[in-house]
Structures are given as structure tokens and as C-alpha cells.
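Worksheet for the structure shown next.
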Amino acid sequence: SLASTAITCFTRGLDLRKGTEDVLCPANCPLWQFYVFGDGVYASLSSVCGAAIHSGVITNAGGAVRVQTLPGQESYPAVNANGIQSQVLSRWASSFSVTAGTKNTALEAVGRSVSTARPSTGKRPKKTLDKKAGNKDCKADIAFLIDGSYNIGQRRFNLQKNFVGKVAVMLGIGTEGPHVGVVQASEHPKIEFYLKNFTAAKEVLFAIKELGFRGGNSNTGKALKYTAQKFFSLENGARKGIPKIIVVFLDGWPSDDLEEAGIVAREFGVNVFIVSVAKPTTEELGMVQDIGFVDKAVCRNNGFFSYQMPTWFGTTKYVKPLVQKLCSHEQMLCSKTCYNSVNIGFLIDGSSSVGESNFRLVLEFVSNVAKAFEISDIGSKVAAVQFTYDQRTEFGFTEHATKEKVLSAIRSIRYMSGGTATGDAISFTTRNVFGPVKDGPNKNFLVVLTDGQSYDDVRGPAAAAQKAGITVFSVGVAWAPLDDLKDMASEPRESHTFFTREFTGLELMVPDIIRGICKDFLDSKQ
């Protein structure tokens, strides 16, 4: 029988070409990321490995699966099985079923399961019609950070250009496909061309051929930091909601430190890959400042983001596996940052002790925190509730999809004036504001602002909010009792509790709240 094809966690039924195909699923796929439609018979949109786990053919330890293509169905039911909730879908053009496969020649493929998955290469006749659009299945904005140092030298620099050119062509660059640019690292980084400059592979190839070798130390860290900060602006052609990727080519080792650059790239939501070529030999190790330079710079130290080639000669066979990695956009774990993947709810005390002018200072504080985040329909979201004895939702998470609209909604909040029932207000917000988004992809945060003692219990409602996955920051002013503030705050309480005597002191807390949200976001991702 035929060899099994190793696939990724995210390969779908429609990515397979044959009527019956033996595939090999990798181990440890993240169950919550699977998209599966149906039960027993699955819509071809479904993840193959997800369907195999859902139907009990394999466990999350992976294994061999036989996939049989079937005709489309009128509807596919939603069923929860083996840790996966499948979804309802009405009418789809084709389906598949899964049964246990045979583990013959599958074993050697296990180690390579991620990189040998097959994204659509555009071979189907339908697809080739639209050459301009490029490979729509590969969504990526990519900076190739090439090595222009004396380490690599003129001769191998030209081989590097050939390799990058082949990768660029195989990616399927086009208006709706991947976009690429090039930065050369040497003594000082130089952006050779931006994402917006070319949208056709032919033009990109020509631009790569024209690149001149700069020479100098291999200050890769400096170049990586510069690229992460400057390259992906909207005016330079970066697209909203498309993964940002830097592929660093490194001959030997860098002359400077990569750690800080790696941190900056992660903060900016950039996925860093390192392609190391001719890595240091035993006798060279003494010259390398930091042997672990690859692990410090890559997006995640999980093996997926590092790639090795023994030499610059004969690299053609390395092109396709690298392209497959760059096109697996579900694996781009660094695209989500605290700035674009959080929901922040503000619970604002409108009691009569605050007063009109201090209430304005509170709204200014709320605006300044909200301003730091990338608010959009696919990014972060903000909501606000004002409370006295009653609660009033000023706006929910889905009402305003741009930062401008959110800020203007905050400005137009009217002061209520009344008593203080903070516990009730927390319960109201958990249910009515966070309830509708609780299954969404963003991490949830609640910032409670109060200036006094609550008339009701705050501990129970705050614990319920935290149990519902909401991280609570409490901000107290003037007469707010420290015990109440601590009772409301998430663990560790010290770093989630803030207090100031005067309303004017709120301004100074803004950076700490933003930093706190980002720290919690990153900790939850590790």
C-alpha cells in the first residue's frame, strides 16, 4: 500500500487530493483550535485530524488515519465528542469520513509532520485563472531579513538571493496572496523594498536580483529590532489581520545580541523565524557570544520557528518545507498580542460622592487606557458600564469597532449620581457585558473604578467574575476601602489593586494598568 502523507493539525479535507488517502496526524494538536463540522460524516471544511479525534479513530497522541471523500450533505450536526465540539453547517459541496489507517511507512514521517503538510499549491485548474491574486490560501506579510555581513561573503550572498527568490516564487505572491519585502542586515540595517512595492512574483524576483552586498558586522539583533518596529506600518503596505512574519537568514552567528530584538518583535505581534545556515562548528563555538541565539529570537521556542540548512549550496529541497511553514497561519502564535486580543470592560462608579468634575477625570483615565489598544472588529474591544444602586451599560463590546468611536462614546458618558452597589454592578457586567463574548478569542479584563465603600458584598460577585475567565483590576480613589479593593482584584492581588487619594492621581496609573493587562495576557499564553 502507499506511504502515508504527514499532515498538520490544520489540514482540511478539501486540502487532500485523492478519493481515499492515508494520512498521519501529529501529536498534541491544540483541541480548542480545531474546526470540525458534522459527526461521522464531516464537511470537507473540517480539520482532518480534528475529525479523527472527534470520531474516536485516534487520540491526541496522533496516528494513522484513512480519509474517504464523500458527496456533500444537506446539513451537518453539531456534536460534542472526545473533547471537541463540532459545529453545525448547512449544505456543503463535499464531505469525508475517517477510519483507522495503517501504520506502514508512516513512522519516518512523524518527526516532520508539521513541515510536510501540503497547503494548496494552486494546482487545481480553477485556481490558475487568477495569477494576479496569488495564493489566497497563504495569508502572510513577510520581511526577509537577509544576511549582508562579511560572515557570508559575496559568493554565498548571491546563493542566498537565489534561495530567497525561489521561496518568494513558491509562496504565490499576489494581490490577495502573500506580500514580501527585503531588509539587509550588516553593520546597519537597510530596508531594500517594502511590502507595498511589488505584488507580482516577477517584480520581486527582479528586485532581489538587483540587491547589492553591503558587508560589515552581522548586527542581526539591531536589524531585527529595526524591522519589527519600522517595516510593518500600514503606510508601508502591512495589511490588517494578516500575520506579520520576519524570516531571519543567518550565516554562522550574529555579532550582537538577539534577545532584546526577539522581545520587541513579540510585543509588536511579529512572528520571527530563524533560518540558520552553516551553524557554528565545535571549534568556532568559542567565538560565539551566545550559543542559544536562535531560541532567544524566535516567536516560540517549540521547534516550528527555527530552520536549519547545512550550507548555501544545493538548497532547492529546502524551499518547499519553509514555504509550508510560512503559510500555516494558524501556527503564527505571535500574531496575537495584548494590544490586539483583549476585551476590556470598565465599571465606572457614578455615585454622588464622585462629583461632576472628578467624573470627567475618571473618563479621561478610561480613555487613556483604551487608547493604548488596537480596537477593531478583529482586534481588541472595549465596553463601559456606569453604576450607582442601578447599572447602566454605556456601550457593549460589539457596539463600536474603531478606536475613534470608542473614545467619542467614552467622552459622551453622562454622570448618573446616586448610591454605591459595586457587587451588584460586577454581577450585572459579568452577565450582560462579558456573557455575549465569553466564547470569543479575546482574553477578558474588567477594570473596576470606585471612590467609596460598597453597600453590598463585593467578594462573591468578583469571585464569580474570575471564575468566568475575567481578570479583575480594582482602582480605588479617596474613600475606597483597601479591603474591598483587594477582595475584588485577581491574584496576585498586589499587582491588580491600585489606589490614589486624589482623582488627579489616576493619570499616573495608566501605564501600570496597560502593563498589567499585557503581563497577564502573556502569562496566559505561555
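The values are calculated or read from the model by the stated rules, or taken from the named source; none is laboratory data. These numbers were taken from a predicted model, which means no experiment stands behind them. Cβ coordinates were reconstructed from backbone atoms using ideal geometry, including for glycine residues, and neighbour counts include every protein chain displayed. We work out accessible area using only protein heavy atoms, side chains counted, and drop any ligands, DNA or RNA first. Shrake-Rupley method; radii C 1.70, N 1.55, O 1.52, S 1.80 Å.
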Checklist outcome for this item: Sorted by chain and then number, the residues having a modelled amide H within less than 5 Å of the amide H of Phe397, at least 5 places away or on another chain, are none
Checklist outcome for this item: Mean shadow area (nm²) of the C-alpha convex hull around the chain is 27.4
Item to check | Helix-only [θ]222 nm of the chain, DSSP H runs n ≥ 4, -39500 (n - 2.57) each, per residue, nearest 500 | outcome: -8000 deg cm²/dmol
Checklist entry - Where in the chain lies the longest segment free of chymotrypsin sites (Phe, Trp or Tyr not before Pro) that are both loop residues by DSSP (not H, G, I, E, B) and have at most 12 other Cβ atoms within 10 Å? => result 1-312
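Arrange the peptides 277-287, 234-244, 19-29 so that the one whose residues have, on average, the most other Cβ atoms within 10 Å appears first.
So the order, starting with the most tightly packed, is 19-29, 234-244, 277-287.
Per the 1.4 Å probe, what fraction of the accessible area of the chain, in percent, lies on carbon and sulfur atoms?
Result for the chain: 54 percent of the exposed heavy-atom area is carbon or sulfur.
Can you give me the accessible area per residue for segment 5-100, using a 1.4 Å probe, in Å²?
Dividing the accessible area of segment 5-100 by its residue count gives 43 Å².
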Checklist entry - Considering only DSSP beta bridges whose two residues both sit in the chain, what percent are antiparallel, to the nearest 5? => result 35
Checklist entry - Per residue, how much accessible area does segment 141-331 have with a 1.4 Å probe, in Å²? => result 42
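Name the trypsin sites (Lys or Arg not before Pro) in segment 463-526 that are in a loop by DSSP and that have at most 16 other C-beta atoms within 10 Å, would you?
Working: sites: Lys467, Lys486, Arg493, Arg501, Arg515, Lys519, Lys525; in loops: Arg501.
Qualifying residues, ordered by number: Arg501.
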Checklist outcome for this item: Candidate cut points under trypsin sites (Lys or Arg not before Pro) in segment 408-440, DSSP loop plus at most 11 other Cβ atoms within 10 Å of their own Cβ, are Arg414
